[in-house]
Structure formats: structure tokens, C-alpha cells
């Protein structure tokens, strides 16, 4: 390739070699790190996963989710001029101006939906302005 380096000419002072997992080599079948080196390499990768999982808070849906497609419009987000399709659950915490056909809509207290919607289950705690058809 003609462009082998990073974009815009930024380069590290010394390129870092790619990390390779310890594997048996053809020269003796053992790694120079031994079992302690292999375990030390695995610990940094498993430690960050636990704290991240404890910080995730569920959106407290009205019913358990069936694993379908879910779209969440967060606080201070405005989604305007769209048609939402193939979405099982829409969670509105910001502002949505759209037309949609879905299974579940959840509008939070600070959320607002403007437009038309055909829904199986509607949970409106915020503002709905438009045409709502609940099947």
C-alpha cells in the first residue's frame, strides 16, 4: 500500500509489537514466561469487567424484555423527522418527533413524543402530542 502509516502523519516514537498469547513453540514446547507470567497477563483483562457491570443501571421497564430490538433516546437528545420501524421497544427520555409502529413505548417523566404511533403497550409518564393507537 502507498499509505502505510497512520493518518495525518502522527506516529508513535517506537511502534509497539503486537501482543501474543503464550503458546508452545517448536523449540522446546515451553514458554519463557512460565505459568506465573501467563496468569499475570490474564488478570488485567478480567479485572475491569466486574466494576463496569456493577455501574450499569436498568431502565426499569414495565415488563421483562423479550430480547427484541430496543431504541433509547436519552435525556437532552432530540430525534426529529424520522419513521421508526423494526423497533420492539422505544424508550423516550428526551424528545422524539416521529411516526412509528412498535410493540412497546415508554415515555419517561422528562420525555416527550410528538407524532403518531401504533403501539401494543403504551406507558406514558411524560408528554405525548399526536395520534396514539393502542392495539
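Has region 80-87 got at least one residue that is in a loop (DSSP other than H, G, I, E, B), surrounded by 12 or more Cβ atoms within 10 Å (Cβ to Cβ) and modelled with pLDDT under 95? Checked against the condition, which is being in a loop (DSSP other than H, G, I, E, B), surrounded by 12 or more Cβ atoms within 10 Å (Cβ to Cβ) and modelled with pLDDT under 95, region 80-87 yields at least one hit. The set of residues in region 92-130 being within 20 Å of residue 69 (Cα to Cα), surrounded by fewer than 19 Cβ atoms within 10 Å (Cβ to Cβ) and touching a residue at least 24 places away in the same chain (Cβ under 8 Å) consists of 103, 121, 123. Taking region 96-127, which residues are within 19 Å of residue 76 (Cβ to Cβ) and assigned to a strand (DSSP E or B)? Residues satisfying the conditions are 96, 97, 98, 106, 107, 112, 113, 114, 127.
The values are calculated or read from the model by the stated rules, or taken from the named source; none is laboratory data. Note that the structure is a prediction, hence the values are computed from the model and not measured. Note that we place each Cβ from the backbone using ideal geometry, even for glycine, and neighbour counts take in every protein chain shown.
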